[in-house]
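Notes for the one structure printed next.
The values are calculated or read from the model by the stated rules, or taken from the named source; none is laboratory data. The model shown is predicted, which means the values in this text are computed figures rather than measured ones. Quick reminder, even Gly has a Cβ in these numbers, built from the backbone with ideal geometry, and neighbours come from all protein chains shown. Please note that ligands, DNA and RNA were not included when accessible areas were found on the heavy atoms of the full protein model with its side chains. Shrake-Rupley method; radii C 1.70, N 1.55, O 1.52, S 1.80 Å.
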Amino acid sequence: MSFIEAKNLVHEYFRRDENDNVVDILTAVDNVDMNVEAGQFISILGHNGSGKSTLAKHLNVLLTPSSGTLFVDGKDASDEKNTLDIRQTAGMVFQNPDNQIIASVVEEDVAFGPENIGVPTDEIWQRVEKSLKAVGMWDYREHSPNKLSGGQKQRVAIAGVMAMEPKCIVLDEPTAMLDPDGRKEVLDAVHELNKKKGVTIILITHYMEEVVGSDYVFVMDRGHVVMQGTPREIFSDVETLKEHRLDVPQITELAYELKKSGVDLPDGILTRQELLEALRYLDEN
Amino acid sequence: MLRDITLGQYYPADSILHKLDPRVKLFGTLIYIISLFLFDNIWGILWITLALVCVVRLSKVPFSFMIRGLRSIIILLIVAGVFNLFLTPGQEIASFGIFKITMEGLRNASLMTVRMVYLIIGTSIMTLTTTPNQLTDGLEKSLHGLTKLNVPVHEIAMMMSIALRFIPILIEETDKIMKAQMARGADFESGNIFQKARNMVPLLVPLFVSAFRRAYDLAQAMEARCYNGGEGRTKMKPLKYVSRDRNAYILIFVAFVVTIVLKVVL
Ligand SMILES: Nc1ncnc2c1ncn2[C@@H]1O[C@H](COP(=O)(O)OP(=O)(O)OP(=O)(O)O)[C@@H](O)[C@H]1O
Ligand SMILES: [Mg+2]
């Protein structure tokens, strides 16, 4: 069994009037199948309202499937007994750094999760130290979160999740409110956790550049998974991506346009380096 | 402009009072307040002054910080003092037209002033030497017994600490919205009190919407991190009494006994 296994997962939001009668049903996640192996770095792309956040909240049991099944680390998400277990296994980082930091001191915030699951005091301290060091925020342990930059706050939030020793972290647009420096900071921290600690990462993002380094990509549109594959496979198909109202990384776009106007370049160029090499290769031949 | 408000007035310093368990300080403050209202003679005043001076010295907090709180109640002090001075019936010692100053009035006015001033200074010492977090922790632990009476002690403490975290954020946000609305021509300064209140609507509506949105987000973030109420929670920084705290309790007790003795004997 895969680490995360969703089968025919459906989630419906109901809109009700004052008398609790359903007036409208919105299927935000529609028949999604998804398999993620432990240790992978997964990205999920999709236009606004395509159901990414709704899907992500299932992985953390903030929402439960309307129909279909979801197993996280072998545990059934529909079974209420597993809720706390799954939340420990799959931590979640949200978009707005301010609205997910609970305590007024960095280290106390990181301790919040372990406190909730009843970790003994000595071990809380060890975990806090380990997690804050893993995201490079150890020096700020006694600071107030209000005085940190957005990227730093987001790293604290990641440390807060790490302190629960999850096998997987789901990040829902963690960089959407950050400046380019903050974005890089956070992304580097996430990649490091994936490589060094083997944490499975599920990154939801609107920035195509952030997707390049991942192992596998899912593209969602209107509740469906419409494309999946390695970043190279996904970005080779610029046409389909555009159909789903998505862009490609700037470099890929450039290569694509060059190719369209007759330069003989391969598909799915992802980085500057690759484009350089491809052009050099052309030059030499 | 709103950013100037500081919350919690903790003054970091390395003193024995800062190191004391917050529960001891809460208890001490309570005893101190009771004592303030127990005494009613000069010996009591002298004794409490002596105790207060010792504590002030121990705290290593500049005295000017402690009397800051007085500024906000100075009007109240003066009004109450004047009322007490002129309106207490009793033996007359001076009179200005229909106003009479009586012996009892003088006594009441000075007693009340001393009590209020000492009350502010005493409680300031507690808030100056205790971080807001320690304070909520201390309250939660001290009042834990009330859980049996179905008082949601943990929840109240959690609400207090979340409020402490979010008040600065909301203040900043108010500031931002205010500027944004002023840029669109909103006017928060002029007009009478009713017009002013009505002008606040474009400020309050977005502020409330945003506060609810934040509350929703925060609730989800807390749930995602396995928050499940107070049951079975451990603490990163549990409150633990050390010998220093026990000695402080003894000291508070002795001081209280002295107060009572002074009250009864003199
Ligand atoms: N709590 C809710 N109640 C009702 N409908 C909702 C709720 N949350 C989301 N939706 C709707 O479900 C659909 C999917 O929303 P979702 O937030 O999952 O999209 P998303 O892919 O995360 O979008 P974005 O990129 O803007 O974050 C949208 O049409 C949205 O309006
Ligand atoms: Mg979303």
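Considering only residues that are among the polar types (S, T, N, Q), within 27 Å of A:GLY74 (Cβ to Cβ) and more than 10 Å from every other protein chain (Cβ to nearest Cβ), which ones fall in the range A:88-147?
Residues satisfying the conditions are A:THR89, A:SER131.
Yes or no: the range A:76-93 includes at least one residue that is out of contact with any helix residue (DSSP H, G or I) (no Cβ under 6 Å at 6 or more places or on another chain), within 16 Å of ligand 1 (Cβ to nearest atom) and within 30 Å of A:LYS242 (Cα to Cα).
Checked against the condition, which is being out of contact with any helix residue (DSSP H, G or I) (no Cβ under 6 Å at 6 or more places or on another chain), within 16 Å of ligand 1 (Cβ to nearest atom) and within 30 Å of A:LYS242 (Cα to Cα), the range A:76-93 yields no hits at all.
Residue-wise test of (1) in a helix (DSSP H, G or I); (2) in contact with a Gly (Cβ under 9 Å, 6 or more places away or on another chain); (3) within 16 Å of ligand 2 (Cβ to nearest atom).
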{"position": "A:ASP85", "(1), (2), (3)": "yes, no, no"}
{"position": "A:MET92", "(1), (2), (3)": "no, no, yes"}
{"position": "A:ILE102", "(1), (2), (3)": "no, yes, no"}
{"position": "A:GLU115", "(1), (2), (3)": "yes, no, no"}
{"position": "A:LYS130", "(1), (2), (3)": "yes, no, no"}
{"position": "A:GLY136", "(1), (2), (3)": "no, no, no"}
{"position": "A:ASN146", "(1), (2), (3)": "yes, no, no"}
{"position": "A:GLY160", "(1), (2), (3)": "yes, yes, no"}
{"position": "A:VAL170", "(1), (2), (3)": "no, yes, yes"}
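Please list, ordered by residue number, the helices (runs of 4 or more DSSP H) wholly in the range A:180-285 having 3 or more residues that are more than 21 Å from the chain's Cα centre (by Cα).
Output list reads A:238-243, A:250-260, A:272-284.
Please find, among A:THR64, A:THR69, the residue that is in contact with an Asp or Glu (Cβ under 9 Å, 6 or more places away or on another chain), of a type in the set (Ser, Thr, Tyr), on the phi < 0 side of the Ramachandran plot and without any contact (Cβ under 8 Å) to a residue 40 or more places away in the chain.
Details: A:THR69 fails: without any contact (Cβ under 8 Å) to a residue 40 or more places away in the chain.
Only one candidate passes the filter, namely A:THR64.
Looking at B:GLU140, B:GLU155, which is the one that is among the acidic types (Asp, Glu) and crowded, with 17+ Cβ neighbours inside 10 Å? Outline the logic, then answer.
On the way: B:GLU155 fails: crowded, with 17+ Cβ neighbours inside 10 Å.
The match here is B:GLU140.
Among residues belonging to the range A:54-69 that are surrounded by fewer than 24 Cβ atoms within 10 Å (Cβ to Cβ) and closer than 9 Å to A:ALA6 by Cβ, point out the one that is farthest from ligand 2 (Cβ to nearest atom).
Checked the range A:54-69; the qualifying residue farthest from ligand 2 (Cβ to nearest atom) is A:THR69.
The rows are residues; the columns are (1) assigned by TED's automatic domain parsing to the domain that holds B:ALA51; (2) buried (at least 16 other Cβ atoms within 10 Å of the Cβ); (3) farther than 30 Å from B:GLY145 by Cα.
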{"site": "B:LEU164", "(1), (2), (3)": "no, yes, no"}
{"site": "B:GLU189", "(1), (2), (3)": "no, no, yes"}
{"site": "B:ASP217", "(1), (2), (3)": "no, yes, yes"}
{"site": "B:MET222", "(1), (2), (3)": "no, yes, no"}
{"site": "B:LEU266", "(1), (2), (3)": "yes, no, yes"}
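Please go through (1) touching a residue at least 40 places away in the same chain (Cβ under 8 Å); (2) closer than 19 Å to A:GLY51 by Cα for A:LEU241 and return the number of the only condition it doesn't satisfy.
With (1) touching a residue at least 40 places away in the same chain (Cβ under 8 Å); (2) closer than 19 Å to A:GLY51 by Cα applied to A:LEU241, the lone miss is (1).
Considering only the range A:182-237, how many residues are in contact with a Gly (Cβ under 8 Å, 6 or more places away or on another chain), within 16 Å of ligand 2 (Cβ to nearest atom) and of a type in the set (D, E, K, R)?
The total comes to 2.
Filter the range A:12-52 for residues that are within 13 Å of ligand 2 (Cβ to nearest atom) and open to solvent by less than 40 Å² (accessible area, probe 1.4 Å); which is nearest to the chain's Cα centre (by Cα)?
Across the range A:12-52, the extreme among qualifying residues is A:ILE44.
Kindly evaluate B:ALA215 against the criterion of being assigned to a helix (DSSP H, G or I), more than 7 Å from chain A (Cβ to nearest Cβ) and under 27 Å from the mean Cα position of the chain (by Cα).
On the way: assigned to a helix (DSSP H, G or I): yes; more than 7 Å from chain A (Cβ to nearest Cβ): yes; under 27 Å from the mean Cα position of the chain (by Cα): yes.
Against the criterion (assigned to a helix (DSSP H, G or I), more than 7 Å from chain A (Cβ to nearest Cβ) and under 27 Å from the mean Cα position of the chain (by Cα)), B:ALA215 qualifies.
State all residues of the range A:70-117 that are open to solvent by 40 Å² or more (accessible area, probe 1.4 Å) and basic (Lys, Arg); if no residue qualifies, say none.
A:LYS75, A:LYS81
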